[in-house]
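Take a look at the structure set out below.
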Amino acid sequence: MKKNWPLWEVFVRSKNGLEHRHFGSLHAADADMALENARDVYTRRNEGVSIWVVESKDITASNPEHNGELFEPAQDKVYRHPTFYDLPDEVKYM
Amino acid sequence: MSEEQIKDLEEQFEARIARDEKIEPKDWMPEKYRKTHIRQMSQHAHSEVVGMLPEGNWITRAPSLRRKVALLAKIQDEAGHGLYLYSACETLGISRDELYDQLHSGKAKYSSIFNYPTITWADMGAIGWLVDGAAIINQVPLCNTSFGPYARAMVRVCKEESFHQRQGYEIMIKLMQGTPEQKEMAQDALNRWWWPSLMMLGPIDAESVHTEQSMKWKLKRKSNDELRQQFIDQTVPQAELIGLTIPDPDLKWNDEKGCYDFGAIDWDEFWQVVKGHGPCNKERMNARVGAWERGEWVRDAAVAYAEKKANKNINKAV
């Protein structure tokens, strides 16, 4: 019976102090192999100091069709931004 | 969805691209957009993978350790580029297996330049310099294409590709500083790779069926003929600089137009090779399919091992 290697998402920290960022994906039989393959595929030129791999099926993603109800409510909440508040010009350090 | 709703979505979609917004895999997209991208991205991935074969021929016979590590690194990059592109392609809902099947069954195409043989070491120089040079010209505009995963993959590809061209040109420089035989070898490689490299930039505009749609979707920013002219204009001085002669008696600088005029391209040859009658089409496919089939037990063993390990962990937990 034929079984395909599952798909993994690869996240790389390019240097300490920065967050892991999504770099791409690859196929591997298990997590160890996914890490080894990620090293060869995504960090051939010192692009990283740390790698995360996670099986793609374990990621829950939002659906762009629901972007309206998810993200639009934030648009009319201008009072969450400092520029919403009026201050006299004389006020310093605020 | 009614036809009208789809038309509405399509208009919004085209407007997003016109505004330079990126399209991501889960966004709604016209079926034709999806299919065209699967076709182009997989063709591109297949070209990277098959492109390793003509060069693999020379790894064990590279003339020095310096040349050997460079060639190995270049070929490894090509494997990597194939992988970036396959995974970008899979975000459109096609599996890796289907993509491989399409390549192995001949349903999908790859760049026909890889169906020419690499008979001397100078061919490694000519491929890096000309074939990768033409590829870069094709690829740089794709870093801004509308489909996010493709654009991101291309940024990485382009960053890595420039060493490929330089290492090829350096091989040619060294040969041109060598013995008469070495010079002859370099010139012979240029003679054989020049025309196929020009063809690599695609059929002439009048015969290119996908150009108009591809321009709209930013899969293309310049037409094939424009790209070809750009390639010629930048490559001719590089050849002259090291004493090589472009094998085109009609090649002449046109002062008025500010670019080179060049001779007729043998498009019959191009279509013959595309249709499978090039010098190495069969050999390339046999090598590729053979490697895939011989690797099957390794892939199966890796899965069996992963399952065994996973079961062990479950038992331990119990």
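The values are calculated or read from the model by the stated rules, or taken from the named source; none is laboratory data. Since this is a predicted model, take the numbers as computed values, not measurements. As a convention, Cβ positions derive from the backbone with ideal geometry for all residues, glycine included, and neighbour counts pool all protein chains shown. Accessible surface is based on the protein model in full, side chains and every heavy atom, while ligands, DNA and RNA are left aside. Shrake-Rupley method; radii C 1.70, N 1.55, O 1.52, S 1.80 Å.
Please verify whether the stretch B:43-50 includes one or more residues that are surrounded by 16 or more Cβ atoms within 10 Å (Cβ to Cβ), within 14 Å of another protein chain (Cβ to nearest Cβ), touching a Phe, Trp or Tyr at 6+ places or on another chain (Cβ under 9 Å) and over 22 Å from B:V209 (Cβ atoms). Show your work before the answer.
At the first step, the residues of the stretch B:43-50 found to be surrounded by 16 or more Cβ atoms within 10 Å (Cβ to Cβ) are B:43-50.
From what's left, within 14 Å of another protein chain (Cβ to nearest Cβ): B:45, B:48-49.
Next, from what is left, pick out any that are touching a Phe, Trp or Tyr at 6+ places or on another chain (Cβ under 9 Å): B:45, B:48-49.
If we keep only those that are over 22 Å from B:V209 (Cβ atoms) too, we end up with B:48-49.
Scanning the stretch B:43-50 turns up at least one residue that is surrounded by 16 or more Cβ atoms within 10 Å (Cβ to Cβ), within 14 Å of another protein chain (Cβ to nearest Cβ), touching a Phe, Trp or Tyr at 6+ places or on another chain (Cβ under 9 Å) and over 22 Å from B:V209 (Cβ atoms).
Pick from B:Y110, B:Y116: which is open to solvent by 10 Å² or more (accessible area, probe 1.4 Å) and touching a Cys at 6+ places or on another chain (Cβ under 8 Å)? It would help to see each step written out before you state the result.
Details: B:Y110 fails: touching a Cys at 6+ places or on another chain (Cβ under 8 Å).
Exactly one of B:Y110, B:Y116 is open to solvent by 10 Å² or more (accessible area, probe 1.4 Å) and touching a Cys at 6+ places or on another chain (Cβ under 8 Å), namely B:Y116.
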Exercise. Among the candidates A:R80, A:R21, A:R44, which residue alone is open to solvent by 80 Å² or more (accessible area, probe 1.4 Å) and either acidic (D, E) or within 14 Å of chain B (Cβ to nearest Cβ) (or both)?
Worked result: A:R21
Problem set entry | Pairs where the first residue, in the stretch B:295-318, is under 21 Å from A:N4 (Cα atoms) and facing another protein chain (nearest Cβ under 7 Å) and the second is open to solvent by less than 100 Å² (accessible area, probe 1.4 Å) and in a helix (DSSP H, G or I), C-beta under 8 Å, 6+ apart | B:A302/A:M33; B:A306/A:M33
Exercise. In this structure, is A:K15 open to solvent by 30 Å² or more (accessible area, probe 1.4 Å) and more than 8 Å from chain B (Cβ to nearest Cβ)?
Worked result: yes
Exercise. Looking at this structure, is B:H37 crowded, with 22+ Cβ neighbours inside 10 Å, touching a Gly at 6+ places or on another chain (Cβ under 8 Å), away from chain A (no Cβ under 14 Å) and in contact (Cβ under 8 Å) with a residue 12 or more places away in the chain?
Worked result: no
Exercise. Does the stretch B:46-58 contain any residue that is of a type in the set (S, T, N, Q) and farther than 22 Å from A:E9 by Cβ?
Worked result: yes
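Of these, B:K68, B:K74, which one is surrounded by fewer than 19 Cβ atoms within 10 Å (Cβ to Cβ) and not aliphatic (A, V, I, L, M)? Full working, then the answer.
Values: B:K74 fails: surrounded by fewer than 19 Cβ atoms within 10 Å (Cβ to Cβ).
After applying the criteria, what remains is B:K68.
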Exercise. Is it the case that the stretch B:240-262 has a residue that's part of a helix (DSSP H, G or I) and free of Cβ contacts under 8 Å to residues at least 40 places away in the same chain?
Worked result: yes
Exercise. Within the stretch B:119-220, which helices (runs of 4 or more DSSP H) (wholly inside it) include 3 or more residues that are closer than 17 Å to B:I75 by Cα, within 14 Å of another protein chain (Cβ to nearest Cβ) and open to solvent by less than 10 Å² (accessible area, probe 1.4 Å)?
Worked result: B:148-176
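Among the listed residues B:Y305, B:Y260, which satisfies the condition of being over 24 Å from B:L130 (Cβ atoms) and hydroxyl-bearing (S, T, Y)? Before the answer, list the steps.
Values: B:Y260 fails: over 24 Å from B:L130 (Cβ atoms).
Criteria check complete, one pass: B:Y305.
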Exercise. Can you tell which of A:A29, A:A34 is in a helix (DSSP H, G or I), in contact (Cβ under 8 Å) with a residue 12 or more places away in the chain and within 11 Å of chain B (Cβ to nearest Cβ)?
Worked result: A:A34
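Return the residue satisfying two criteria in turn: it lies in the stretch B:272-303 and is β-branched (V, I, T) and open to solvent by 30 Å² or more (accessible area, probe 1.4 Å), and of such residues it is farthest from B:G106 (Cα to Cα).
Of everything passing the filter in the stretch B:272-303, B:V298 is farthest from B:G106 (Cα to Cα).
Which count do you get for residues in the stretch A:47-77 that are touching a strand residue (DSSP E or B) at 6+ places or on another chain (Cβ under 8 Å), basic (K, R) and away from chain B (no Cβ under 14 Å)? Even if it seems obvious, please write down each step before you answer.
From the stretch A:47-77, those touching a strand residue (DSSP E or B) at 6+ places or on another chain (Cβ under 8 Å) are A:47-57, A:59; that's our starting set.
With basic (K, R) added as a condition, the list becomes A:57.
Now narrow it down to the ones that are away from chain B (no Cβ under 14 Å): none.
So the count comes out to 0.
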